[in-house]
Amino acid sequence: AEKRRSGSMLANLSVHTSSAVGGGRLAQRGAALAPALSTAIPHLRRLAAAAAASPAGSGDVSYAVVDSVAVLRLDVQGEKMNTLSAKLMADFEAVLTKLEGDTSVKAAVLISGKPDSFIAGADIKMLAACTTAEEAEGLAKGGQAIMDRIAGSKTPIVAAIHGACLGGGLEVALACHQRVATSHAKTQLAVPEVMLGLLPGSGGTQRLPRLVGMQAALDMMLTGKNIRPDKAKKMGLVDVVVDPNALERTAVAVAKALAAGTAKPSVSRKKKSWLEWALEDTPPGRNLMFSKANEAVAKKTGGKYPAPPAILRVARAGLEGGHKTGSAAEASEFGKLAVTPECAALQGLFFGQTACKKNAYGNPAAPVSAVGVLGAGLMGAGIAQVSAVKGFDVMLKDMTAAGLARGEAQIASNLAKKVKKKQLSPFIRDTQLAKVTGITPADAHADTLLQRCDLVVEAVFEELSVKHKVVAEMEGLLSKDAIIASNTSTLPLGSIAQHAKHPERIVGMHYFSPVDQMPLLEVIPHAGTSDDTCARAVDVGIKQGKTVIVVKDVPGFYVNRCLGPMISECMSLVQAGTDALALNATMKKFGFPVGPITLADEVGIDVTTHVVHNLTEDLGVRMEGADLSFLDALVAEKILGKKTSAGFFTYSKGKGGKVSGGKALNPRVLELLKPYQAKVAQRTPPEEEIQHRMAGRFVNEAALCLQDGVISSPSDGDIGAVFGIGFPPFLGGPFRYVDSVGAQTFVDRMDKLADAHGEQFRPCQILRDNAKAGTSFHANA
């Protein structure tokens with residue numbers, strides 16, 4: 001979510017970069033490659049025969065030579081994707097040595113043996129194992145040495161890229177003399193190290209700016225964004241884009257052209273625009289460019305992430321001092337970043353997300369292929385969209401034609417935005433839209449279409465009687481193996497299933513809004529849900545691209561259960577005199593992407609009120625501290641948030657119904673607040689106290705969820721908090737946050753707050769146990 005909100009950090013510096021290859025040059029290149037292409041196919045037939053006959057090489061890298069071109073094929077054994085592990089690097093170096101001594105070879109092609117992966121980056125476990133900055137710096141220097149060896153090879157090497165080409169994988173490709181990529185949707189190029197609290201450490205910060213220009217390179221390195229092949233070609237990141245079936249033969253042809261001198265190595269831009277020259281090659285221009293970049297980084301990160309400023313320092317060092325100076329700075333900064341708490345936190349999230357991609361219930365015996373969605377509102381349409389884009393056949397049902405049309409328009413609008421941003425082709429957009437079939441009760445074939453569904457998700461009104469009616473209707477309609485899933489955010493699943501004929505087939509699937517953007521999915525089995533139902537539900541979530549955690553059937557489940565006490569504290573602070581705008585700003589300084597007041601408006605004050613009341617009885621004292629009837633007063637006056645253009649903030653609707661505003665407090669809310677403020681002493685606490693009170697109540701409830709078995713592990717708790725409501729990623733989640741400050745420090749802080757403000761702050765037993773034993777939630781804390 002943080003990455004989605006940030007966008008490009010250098011939008012104010014963007015300029016139009018001239019294409020590395022213009023129309024005339026493209027024609028010249030085509031003419032130069034034509035003779036080689038005409039003979040490539042018979043060569044490849046012999047190459048396939050040679051590869052089948054025990055190609056030379058060691059372990060994960062094979063070596064085969066046909067017609068003076070060596071094909072180096074990367075295929076890490078036993079893994080779905082190639083990653084730059086110590087073993088692969090050693091094997092690759094051995095093959096490089098063989099290449100350098102093979103006089104029969106005039107050129108080489110580096111290609112993957114995996115179906116959808118070139119190189120997906122470095123082995124993160126290898127990086128996480130580093131305990132000192134010097135050790136991590138040594139890793140970077142080792143990677144740089146290999147990349148320098150590729151770049152300095154007298155035998156030209158062409159990277160043939162299909163699938164993920166990320167991080168260290170792109171650095172390998174950058175070191176090659178030319179790059180050929182497939183046009184396939186799975187081919188994406190990126191340097192996402194910043195999202196792990198790192199920077200590209202194997203020469204990427206030096207070679208990327210030379211190839212695509214400093215501004216484009218900084219945009220890639222500071223955001224970690226994926227670059228599609230067509231855009232990569234336009235910006236000069238790759239030289240040729242081809243159909244996947246033509247990848248190897250085209251790469252061989254390019255390699256031969258390089259060997260013959262009819263094509264030249266592509267290691268830097270052919271021509272700079274005058275603006276690029278002014279910004280990159282003059283001292284005043286460089287000062288302006290990096291000054292603006294630093295300002296943008298500081299604004300977006302709030303100074304919480306050390307990697308972006310380090311990227312700017314290293315990039316500038318190379319621009320001004322050359323490759324050797326820049327590489328030394330790169331290795332040094334990489335080493336320092338690798339041992340920061342921010343890096344540990346972000347890597348912990350990476351490992352947690354990776355674990356969530358595995359189905360704890362195993363592969364389902366009968367995977368879901370068709371999904372039904374009941375209710376075409378904001379949530380229902382979102383669920384339908386994320387299902388359709390991942391290949392599920394979707395039946396979207398609403399009670400009215402107008403409601404259905406609104407939901408279908410939402411899906412079409414979201415996909416149209418992706419087409420506009422060139423993230424989708426119009427053909428793929430149309431294919432995805434065709435996966436959604438809209439139906440209403442008035443349609444004669446509605447029941448027949450729903451009967452085809454293996455799983456139906458209800459996203460109807462949050463009223464238990466309505467849910468019971470839906471369950472009864474679906475059980476009478478669907479096959480005996482079909483799953484009925486509820487997207488409820490508050491109602492217990494056991495209560496929803498209590499009158500069901502087949503409660504074992506009922507499960508909760510709690511999505512977060514907006515569904516197409518928020519990555520988390522909570523799967524909630526009740527006491528009678530079967531493991532097969534859970535396996536199929538989790539499998540659907542994973543295929544939808546969601547980060548899935550399985551949580552216990554309790555009020556609020558996990559994320560909302562933790563959010564409830566924090567909402568109560570938010571209202572407590574406001575009622576006791578804290579300015580709502582200051583509260584927002586203070587929690588953004590702590591690291592949340594939006595302030596709690598804005599969050600209430602975004603989610604909906606009516607929804608927030610429903611969540612709070614649902615938790616009050618179950619959590620008891622842990623929901624105290626505020627008079628929550630204030631929220632009821634807002635709902636009574638239809639002050640529901642952004643969706644009604646009236647919440648804690650004021651909003652206005654523009655063209656096309658677009659809502660703007662959200663900066664000025666609503667005067668009516670301030671009027672309604674006065675009676676509540678008159679009941680308590682008015683005081684504005686210091687920023688740190690506000691942060692400790694707000695975050696402390698969330699973290700304490702998260703720890704209770706672990707203690708009570710609501711979640712199965714601290715990792716799941718961290719993942720749910722970060723990807724469900726935006727708990728600061730650089731802190732790694734509530735459990736890693738406690739580890740970083742120390743359990744004893746956290747317990748002492750909460751006890752002090754409890755003595756001053758009430759028992760709602762009293763720390764739970766598992767926190768006291770960790771404090772007493774001096775233990776942490778995470779082994780590598």
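Of all the criteria given as (1) at negative phi; (2) modelled with pLDDT of 95 or more; (3) open to solvent by less than 40 Å² (accessible area, probe 1.4 Å), the one not satisfied by Ile725 is (2).
Conditions tested, residue by residue: (1) closer than 22 Å to Asp148 by Cβ; (2) touching a residue at least 40 places away in the same chain (Cβ under 8 Å).
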position	(1), (2)
Ser268	yes, yes
Asp281	no, no
Gly321	yes, no
Ala329	yes, no
Cys343	no, yes
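In the condition set (1) charged (D, E, K, R); (2) under 17 Å from Thr223 (Cβ atoms); (3) out of contact with any Phe, Trp or Tyr (no Cβ under 7 Å at 6 or more places or on another chain), Lys304 is compliant with all but (3). Of the strands (runs of 3 or more DSSP E) lying entirely inside the stretch 106-161, those carrying at least 3 residues that are open to solvent by less than 30 Å² (accessible area, probe 1.4 Å), under 18 Å from Leu208 (Cα atoms) and not basic (Lys, Arg) are 157-161.
Here Ala345, Ala329, Ala338 are screened, and the one residue that is closer than 25 Å to Gly138 by Cα, open to solvent by less than 10 Å² (accessible area, probe 1.4 Å) and out of contact with any strand residue (DSSP E or B) (no Cβ under 6 Å at 6 or more places or on another chain) is Ala345. Would you call Ala185 open to solvent by less than 40 Å² (accessible area, probe 1.4 Å), among the small types (Gly, Ala, Ser) and touching a residue at least 12 places away in the same chain (Cβ under 8 Å)? Taking the combined requirement at face value, the residue does not satisfy it. Here Asp243 fulfils each of the conditions (1) free of Cβ contacts under 8 Å to residues at least 60 places away in the same chain; (2) open to solvent by 10 Å² or more (accessible area, probe 1.4 Å) apart from (1).
Filtered by the rule that a residue be farther than 19 Å from Asp539 by Cα, open to solvent by 40 Å² or more (accessible area, probe 1.4 Å) and part of a helix (DSSP H, G or I), the stretch 492-507 gives a lone residue, Pro503.
Condition check ((1) out of contact with any Asp or Glu (no Cβ under 6 Å at 6 or more places or on another chain); (2) modelled with pLDDT of 95 or more; (3) farther than 23 Å from Pro367 by Cα) across all residues:
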site	(1), (2), (3)
Lys397	yes, yes, no
Thr400	yes, yes, yes
Gln423	yes, no, yes
Cys453	yes, yes, no
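At least 1 residues being within 31 Å of the chain's Cα centre (by Cα) is the threshold, and among the helices (runs of 4 or more DSSP H) wholly inside the stretch 603-712 those reaching it are 605-619, 687-707. Within the stretch 601-621, residues that are under 17 Å from Leu704 (Cα atoms) have Cβ atoms under 6 Å from residues that are of a type in the set (A, V, I, L, M) and assigned to a helix (DSSP H, G or I) in these pairs: Leu615/Met623; Thr616/Met623, counting only partners at least 6 apart in sequence or on another chain. On inspection, Ser202 qualifies as of a type in the set (S, T, N, Q) and surrounded by 21 or more Cβ atoms within 10 Å (Cβ to Cβ). Screening the candidates Ala365, Ala355 for the property of being open to solvent by 10 Å² or more (accessible area, probe 1.4 Å), assigned to a loop (DSSP other than H, G, I, E, B) and on the phi < 0 side of the Ramachandran plot yields one hit, Ala365.
Residue count for the stretch 409-451 satisfying the condition of being over 21 Å from Pro514 (Cβ atoms) and either touching a Phe, Trp or Tyr at 6+ places or on another chain (Cβ under 9 Å) or part of a helix (DSSP H, G or I) (or both): 10.
Criterion applied to Val659, Val612, Val550, Val603 was being touching a Ser or Thr at 6+ places or on another chain (Cβ under 9 Å) and open to solvent by less than 20 Å² (accessible area, probe 1.4 Å), and the one residue passing it is Val612. The combined condition, being out of contact with any His (no Cβ under 8 Å at 6 or more places or on another chain) and closer than 24 Å to Lys225 by Cβ, is fulfilled by Lys421. Ala771 satisfies every condition listed in (1) out of contact with any strand residue (DSSP E or B) (no Cβ under 6 Å at 6 or more places or on another chain); (2) of a type outside the set (D, E, K, R); (3) free of Cβ contacts under 8 Å to residues at least 24 places away in the same chain except (3). Of all residues in the stretch 404-412, at least one satisfies being open to solvent by 50 Å² or more (accessible area, probe 1.4 Å), within 23 Å of His510 (Cβ to Cβ) and charged (D, E, K, R).
Only one of the listed residues (Lys271, Lys324, Lys300) is open to solvent by 60 Å² or more (accessible area, probe 1.4 Å) and either within 27 Å of the chain's Cα centre (by Cα) or aromatic (Phe, Trp, Tyr) (or both). That residue is Lys300.
If you go through the stretch 272-293 and pick out every residue that is out of contact with any helix residue (DSSP H, G or I) (no Cβ under 6 Å at 6 or more places or on another chain) and part of a helix (DSSP H, G or I), you end up with 11. Hey, any hits in the stretch 687-697 for a residue that's of a type in the set (A, V, I, L, M, F, W, C) and closer than 30 Å to Val550 by Cβ? Yes, there is a match, as at least one residue in the stretch 687-697 is of a type in the set (A, V, I, L, M, F, W, C) and closer than 30 Å to Val550 by Cβ.
The residue of the stretch 448-491 that is surrounded by the fewest Cβ atoms within 10 Å (Cβ to Cβ), among those that are among the hydroxyl-bearing types (Ser, Thr, Tyr) and in contact (Cβ under 8 Å) with a residue 12 or more places away in the chain, is Ser479. Residue by residue through the stretch 559-584, note down the ones that are of a type in the set (D, E, K, R) and either part of a helix (DSSP H, G or I) or in contact with a Leu (Cβ under 7 Å, 6 or more places away or on another chain) (or both). Result: Arg561, Glu569. Within the stretch 585-602, restricting attention to residues that are small (Gly, Ala, Ser) and part of a helix (DSSP H, G or I), which residue is nearest to Ser489 (Cα to Cα)? Residue satisfying both the conditions and the ranking: Ala600.
Does Val373 satisfy the criteria of being closer than 30 Å to Ala446 by Cβ, surrounded by fewer than 23 Cβ atoms within 10 Å (Cβ to Cβ) and touching a helix residue (DSSP H, G or I) at 6+ places or on another chain (Cβ under 7 Å)? For Val373, the condition - closer than 30 Å to Ala446 by Cβ, surrounded by fewer than 23 Cβ atoms within 10 Å (Cβ to Cβ) and touching a helix residue (DSSP H, G or I) at 6+ places or on another chain (Cβ under 7 Å) - is not met.
Which ones in the stretch 303-321 are crowded, with 21+ Cβ neighbours inside 10 Å, touching a Ser or Thr at 6+ places or on another chain (Cβ under 6 Å) and over 18 Å from Val339 (Cα atoms)? Passing the criteria: only Ala315. Answer yes or no as to whether Leu634 is open to solvent by less than 10 Å² (accessible area, probe 1.4 Å) and either modelled with pLDDT of 95 or more or of a type in the set (A, V, I, L, M, F, W, C) (or both). For Leu634, the condition - open to solvent by less than 10 Å² (accessible area, probe 1.4 Å) and either modelled with pLDDT of 95 or more or of a type in the set (A, V, I, L, M, F, W, C) (or both) - is met.
Exactly one residue out of Val554, Val538, Val515 is touching a residue at least 24 places away in the same chain (Cβ under 8 Å) and outside any loop (DSSP other than H, G, I, E, B): that is Val538.
The values are calculated or read from the model by the stated rules, or taken from the named source; none is laboratory data. All values reported here derive from a predicted model rather than from experimental measurement. Using ideal geometry, Cβ is built from the backbone for each residue, glycine included, and neighbour counts are taken over all protein chains shown. We work out accessible area using only protein heavy atoms, side chains counted, and drop any ligands, DNA or RNA first. Shrake-Rupley method; radii C 1.70, N 1.55, O 1.52, S 1.80 Å.
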